[in-house]
Each structure stands twice: as C-alpha cells, then as structure tokens.
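Comments concern the structure below.
Every read-out reported here was derived from the displayed coordinates using simple, explicitly stated rules and does not represent laboratory data. Computed from a prediction, not measured in an experiment: that's the story for all the values here. In this analysis, Cβ positions are derived from the backbone assuming ideal geometry, glycine residues included, and neighbour counts consider all displayed protein chains.
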Amino acid sequence: MRTSSYFISTLKEAPADAEILSHQLMTRAGLVKRLAGGIYTWMPLGLRVLRKVENIVREEMNRAGAIELSMPAVQPAELWQESGRWEKYGPELLRLKDRHQRDFVIGPTHEEVITDIVRREIKSYRQLPRHFYQVQTKFRDEIRPRFGVMRGREFLMKDGYSFHAGFEDLRREYRNMFDTYTRIFTRLGLRFRVVAADPGAIGGSGSHEFHVLADSGEDALAFCPASDYAANVELAEALAPETPRAAPSAAMTKVATPDKKRCEDVAEFLGVPIERTVKAIAVMRAPEGGQDGGTDTGFALILLRGDHDLNEVKTQKIVGDFRFARDDEIAAALGGPPGYIGPVGAGVPVFADRGVAAMSDFICGANEAGHHLTGVNFGRDLPEPGAVADLRNVVAGDPSPDGRGRLEICRGIEVGHIFQLRKKYSEAMKCCFLDADGKSQVMEMGCYGIGVSRIVGAAIEQCHDARGIVFPRAIAPFEVCVVPMGYAKSEAVRAAADRLYATLGAAGIDVLLDDRDERPGVLFADMELIGVPHRVVVGERGLAEGKLEYKGRTDAQAQMVPIEAIGEFIEARLCAA
C-alpha cells in the first residue's frame, strides 16, 4: 500500500472529548471518527486493525470446531419476553416499534435468537453438541458512553453459543473455549490474565473473564504469584481472620468527634489505627423479586472494617437486592445523621463482614451527631450480628483463598468472557431434544463472548509510549513502513524504495510505502503515531554507502543494514516478534 493512494488522517492534538489515552491516540492516529455519543466510524487504518483482530478470532474459533453464522441485529420482542429479559435487562436495551407498532430490540447479545434457532432445528441427541458463533455489530444504549470504543454504544463482538445433551459435555466445551481464548489473546500479542468471575446478568453457574493488563483498566484483579489463583475482585474471597476474637479489655465510651465523619478522620483524631474502626453502611433491602417487585422490605446496616470497601456483588448475594439508604431514611431509622451511625442500640438487622465479626474494642458511630463510641464489643454492648459473611473487596496482602500465598492486585480491561449458562435460557424457551430413550430433555448451554472492537482500545492502553501507539505485529495496520527521504526529488531514492516495497510485498509482508512529499519529521511522527512496528528509511547518504536505516518501533537507536541483506533482516525481526 502506498500512502499516496491510501487515506491517512492524523491529528497533532486529540479532541477535548477524548478522555482516556486509547481514545486520544485512536482519534489522533485517524483510526476512528466520532459520529455520535458512543458511535464511531472505523476509518481505513482502524478497520485494518479491527479486521486483523477479527481474523485471528475467526481462525481460532473455526479451529476449535465452532460453526459461523450471522444472526439479525433487529430482534422481535417476543423472544425477550419469553426468556424473561424484556423486563429485566434495563434501559441499555434499545427498544423500537416498526410501522405496524410491533415491538423489537436492537440486539446487545443473541442468547434468545440462537436458542430459538436451535429449538427449531435440533431435535435429537444425535445432533448434539453444536457450537455456533458470529462476529457482529451490537448495540447497548449506555447511559453515558465514554472512553471511545472501550465503552461505546455500538461495538463489534464475537458471540458464540454451544448446546449440549449433558453438563459434562458442556464442561468439555467450556474447557475448549478456555483454551481457544488463551490462544487468541496469545496470538494477538497481548499480556493478559484469566480470572474467575461472577456471571452477572447473563446468568449460569461458571464464568471466567479474560483481561488485557493495563494500569488504566476499570477492573481490579486479584491474583496469587505463588499459585494459579486469579479472580475478579468482585468475586475473590476475603478469608476470615486467622486469629479468634479477643476478649473485651475496655469499657464502651462515648467520645466527641466534631466534624469527623470518615473513618480515616476519626482514627487520626483519636490517635488509633484505622483498622480499629468500623463503618456502618445503611441500606434498604428490596422485597423478594427485586427492586421492581414492590416497596423496600426494610432498613439494615452492613458493617465493614474502616479500611475496607464494600463489595456490592457479594453483598447482594447475602443481603438480597438492595439500595443505599437516603439521609432521611437514616435519620428516621437511627435518629442520627450519616457519618455518625453505628450498630449499638440500632434495633435493625445487622450484616457484618468476617473481619468485623472478629474485632473487639472497636470504634463506631454513636448515632448522634459529632460523637462516636470506643471500646465496643459484640455480645456485651450489642447483639452478635444477624449474619456474618464475606462482604468486602480483597486487598493486596490478604491470604489467597487457595491457601498458597498472599494476594496481589493488578488492573485489567475485560475483553472476553465465557459462561456456563446451563439451562437458564433453554428451560425458559423450551429448547429440548429427545435422548437415547426417546425422552424429552432440556439442553445445556454455554456462552462465549469477545469484544473485538474493545480489544483494539485495550491493546493501545497496554501498548503505547510518548510518541503514540505501539501495536503488536499481529494487529498493526502495517507490519513495515518504508520511508524514503525525498521520494519525489531523488530518482535513486525512488527506485530503491520501490524495489524494497516490491520485495517485501512479494514475501507476504504487510508493507506501507510512505511516498508523501512531506518533511522527514512529519513522516516519522505519523508512522510512530499509528503504531507500525518496523521502519526502513531510504536516503541518498545511506544508498551511497550501500545501506538502509532500520529502526524498530521500540528501539532506542536506529541501525544501518546492507541493502542486499535488508529483506532477510526484516523477515528475521518479524519472526522474532
């Protein structure tokens, strides 16, 4: 490809709405152009990257035995009503009516559609197992789309669905997809980690996430360097303290703590470690059936150690559906303002984290403005908690749940997720088959997703420097750029550049010849910005010495290579990458 016959549209500055680095660099490099909030046009350079990601995903899915199809983006509401997700999915589901006033949705995912296909087409155990997948544009109406393609409303996704006669066969395919996804992200050239995860709204029994590691990642991941343990922080178990609760050694005392509402401030004011404080979080528990099923069932307190953070996913499993209480509800239930609330004399249900249940002589709010209680003990000053459970996020240094070391925390960007759906959709939609005895059985299902367009943003978050994008070779828009100095002015430079361009192309190398009539600084800056891994400069001085200048994207210095050896040299560098 020659730049003179291609389209490259780079910018010196990122637009003001580009919040994170990948969004800034994708916009500056001309990979995408914003059309509306969360909706982007993939420009020629960006599309090359996107297609390379897509091709690797497709090759590995086909290798794994999955069968590609393409399902409609527009789906009838009846299928979503049948599965029960019409009411549950929320406002992210874009709903519309056709000219006949029939309800449809723009698909954010395709569990309902594929289940409908399979229940119509597959009748016998002899036709199982089956795994269908597609690479298709999805739409989720995010309330505040941000971070460019990382959290857009329209995005490209690979979604796959497997159907099985039994759970053991589902587990086999789940392992197959685990290995397939590992190959995909390895081929993409990205540093990634696989973690156990919560199935969330998709449902099912087993779930793993694939995260590209990046300091800017939204997700916190807990892992143990001494073992294979890894989990999303929302799922990672915080073990109970190893030492039992100590006996009380102090009397409960009310102390003045004027304007000290945070545990950090209280601890500093009283001159004690924050680990001796307990924070109470007021919540309103929803009725059976969730927040939409009726009025809240009642006020409750969740207790955490002062230096710990609430894990809402874990808490929901113990407390049930809940929301945080409003100030007026807190005042009505406890008689004190937020910042000074506590469990002593509260007379409301109390859920305590394991760490709190092991504490003695702790400090908590007194349910009175400007006051806290010190020397508080369960069983003496207040009843034992109604429930004790793991309700907090793990932190670095916590013991690993597998008992083989201490946890560390890193950041990641979720780019893949696999689920054992089991029978959540097949049972609701009566997706059945006849077994060997002629009896009707409900199919087991698996679900496997990869955010194809999200991978591009995640790769840039991981792979960049001060000069721009540093794409891995597998997904770079071009593997090599040939940059001639004075292409339009020097016959010798033009002839040498054309020969090298033809030679590399004939070797199957994805090469870009930058034949623009621009200053060298502009040519170099653009090639570095768009992330081409290898650069060869053709100049009159080098030609006079029989050499060309080579520089890898991350190399500190360029090096001169004999003209006759440049082809083999480039191929060796590509193979090494």
> Give or take rounding to whole Å, what are the principal axis extents of the alpha carbon atoms in the chain, in descending order?
Replying inline: 93, 70, 51
> When Lys and Arg each count +1 and Asp and Glu each count -1, what net charge do the other residues less than 14 Å away from Glu60, Cβ to Cβ, add up to?
Replying inline: +2
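Let's see if you can work this out: charge +1 on each Lys and Arg Cβ, -1 on each Asp and Glu Cβ, no other charges. What is the dipole magnitude of the chain about its Cα centre, in debye to the nearest 20? Can you show the working numbers first?
Values: 73 positive and 82 negative charges, 207 e Å.
Here the chain has a charge dipole of around 1000 debye.
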> Residue-wise, which Karplus ³J(HN,Hα) couplings in Hz belong to the range 531-537, taking 6.51 cos²θ - 1.76 cosθ + 1.60, θ = phi - 60°, and x for glycine or proline?
Replying inline: x, 5, x, 10, 10, 10, 9
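Report, in order of residue number, the helices in the chain meeting two criteria: a C-alpha extent of 27 Å or more along the helix axis, and a mean Kyte-Doolittle hydropathy of at least -1.0; treat each whole DSSP H run as one helix.
Values: long enough: 44-63 (28 Å, -0.55); 167-187 (30 Å, -1.24).
Taking the DSSP H segments of the chain (at least 27 Å long, mean hydropathy at least -1.0), we get 44-63.
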>> Can you return the lysines within cross-link range of Lys261? Criterion is Cα-Cα under 29 Å, with same-chain partners fewer than 8 residues away left out.
In response: Lys279, Lys314, Lys317
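Rounded to the nearest 20 Debye, what is the dipole magnitude of the range 256-389 about its Cα centre when Lys and Arg each give +1 and Asp and Glu each give -1 at the C-beta?
On the way: 13 positive and 20 negative charges, 47 e Å.
Roughly 220 debye for the range 256-389.
How much of the DSSP beta bridge set in the range 478-576 is antiparallel, as a percent to the nearest 5? Spell out each step's value before the answer.
Details: 8 of 16 bridges.
DSSP beta bridges in the range 478-576 are roughly 50 percent antiparallel.
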> Short version: ³J(HN,Hα) in whole Hz for each residue of the range 398-415, in order, from phi by Karplus 6.51 cos²θ - 1.76 cosθ + 1.60 (θ = phi - 60°), x for Gly and Pro, what are they?
Replying inline: 5, x, 5, x, 8, x, 10, x, 10, 7, 10, 10, 10, 10, x, 10, 5, 10
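List the trypsin sites (Lys or Arg not before Pro) in the range 149-256 that DSSP assigns to loop (not H, G, I, E or B) and whose Cβ has at most 16 other Cβ atoms within 10 Å. Which are they? Working shown, then result.
Working: sites: Arg151, Arg153, Lys158, Arg171, Arg172, Arg175, Arg183, Arg187, Arg191, Arg193, Arg245, Lys254; in loops: Arg153, Arg191, Arg245.
Those that pass, being in a loop and sparsely packed, are Arg191, Arg245.
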> Can you list residues whose amide H is under 5 Å from Phe192's amide H, if they're 5+ apart or on another chain and H is modeled 1.01 Å from N?
Replying inline: Leu213
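May I have the convex hull volume per residue, in Å³, for the Cα set of the range 433-503? Could the numbers behind the result be given before it?
Details: hull volume 13.0 nm³, N = 71.
Hull volume normalised by residue count: 183 Å³.
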> Rounded, prolate or oblate: which fits the range 1-160, taking a ≥ b ≥ c as square roots of the Cα gyration tensor eigenvalues, rounded meaning a/c under 1.5, else prolate when a/b beats b/c?
Replying inline: oblate
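Loop-only trypsin sites (Lys or Arg not before Pro) in the range 489-518, please: DSSP not H, G, I, E or B, and at most 15 other Cβ atoms within 10 Å.
For trypsin sites (Lys or Arg not before Pro) across the range 489-518 that sit outside H, G, I, E and B with at most 15 neighbouring Cβ atoms in 10 Å, the list reads Lys489.
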>> Among Leu235, Val388, Tyr174, whose Cα projects farthest towards the positive end of the dipole of the chain, with charges put on the beta-carbon of Lys, Arg (+1) and Asp, Glu (-1)?
In response: Tyr174
>> Taking the alpha-carbon distance from Lys52 and a cut-off under 21 Å, which lysines remain once sequence neighbours fewer than 8 residues away in the same chain are dropped?
In response: Lys33, Lys138, Lys158
> When averaged across all projection directions, what area in nm² does the alpha-carbon convex hull of the range 256-389 cover?
Replying inline: 7.5
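Please say if the range 478-576 is rounded, prolate or oblate, where rounded means a/c under 1.5 for a ≥ b ≥ c the square roots of the C-alpha gyration tensor eigenvalues, and otherwise the choice is prolate for a/b larger than b/c and oblate otherwise? Don't skip to the answer; put the middle values down first.
Values: a/c = 1.36, a/b = 1.12, b/c = 1.21.
Rounded, because the longest to shortest axis ratio a/c is under 1.5.
How about the range 47-110: which trypsin sites (Lys or Arg not before Pro) there lie in a loop by DSSP and see at most 13 other Cβ atoms within 10 Å?
Arg99, Arg102
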